[in-house]
Every structure is written in structure tokens, then in C-alpha cells.
Amino acid sequence: MDPYAEQLVDAAEAALPAWVVRCVTERITAWSGAAAPEVLARAEEAGRQACHEVGGALRTLLAADIDEQRATPLSLLREAVRFPTAVLEEAGVPPVERDDFAERAFPGDPYDLSPASFADVDPALAGPGLAWGAGK
């Protein structure tokens, strides 16, 4: 794996756990005013799982020859919404209203969590994402 890809994966793995917890905390707080400790604990576990699964998928993707890559790192990060979504659904949080585009583009994202850019996951991902894109 080239150094730019390695930096992007490392940054994504570092950012994903906190991103999952932040997504859960923001949505549940907006709905009920506060997140219960057991929900936060579940979010932390989901964040670790996202790091492991999505990080592994990113490593596999970016280790492949560029001509063989059938996804992008950002598309894999967008698939990570399943982790905070599962926690929110388990906690009984109702879906949020989304516009028609979001509903069509991201049907598996009832809480409107899909990142539009690397920086939406964490600002620290913007640089590695840009460097990887320029380097590929």
C-alpha cells in the first residue's frame, strides 16, 4: 500500500470510533435531550466495530491496484452509517426528515449521517483524503 493510502486508512481508523459516538450523541440528544450511559456504551462498542470492519475494508480496497478498485474510500466511510444507525434504532430514536435527494442517494441512512466529505467524519481526514486523491 502506498504511503498516502496508508495515511488515509490510519486517519480513518483513528476517527471512526469518535465519529460513531458523535453521530449517536447528536441524534439522540436532539430527540430526547440526553443519551443514556448504556446507549453511549453501545455507541463506543459500535465505534470500535466500525474501526475494525471499515478499516479492514479500506485497507483491502487501497491495497488493490487502482484499476481493480470498485469503490472509493469515501463510499466505504459512508457505509459506516450502519453502525450509529443500529445504535439509534436500538435506542428507539425515530428517523429524521430528509430531502428527496438524500432519501434516493442514501436509502440506508434514516438519520442523515452520511458524510459528504472526509472532513465530515473528522477534519483530520481532509488532508490524507486530498493527498490520496492527488496521488492516485
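The values are calculated or read from the model by the stated rules, or taken from the named source; none is laboratory data. Remember, it's a predicted structure, so these values are computed and weren't measured experimentally. Positions of Cβ are backbone-derived with ideal geometry, glycine not excepted, and every protein chain shown enters the neighbour counts. Ligands, DNA and RNA are stripped out before the accessible areas are found, and what is left, the full protein with its side chains, is counted by its heavy atoms. Shrake-Rupley method; radii C 1.70, N 1.55, O 1.52, S 1.80 Å.
Checking each residue in segment 1-14 for being hydrophobic (A, V, I, L, M, F, W, C) and open to solvent by 70 Å² or more (accessible area, probe 1.4 Å) picks out M1, A14.
Among residues of segment 92-106 that are under 27 Å from G33 (Cα atoms), those with a beta-carbon under 6 Å from a residue that is part of a helix (DSSP H, G or I) and of a type in the set (K, R) at least six positions away or on a different chain give the pairs V93/R27. Under the condition of being within 17 Å of the chain's Cα centre (by Cα) and in a loop (DSSP other than H, G, I, E, B), the residues counted in segment 115-136 number 4.
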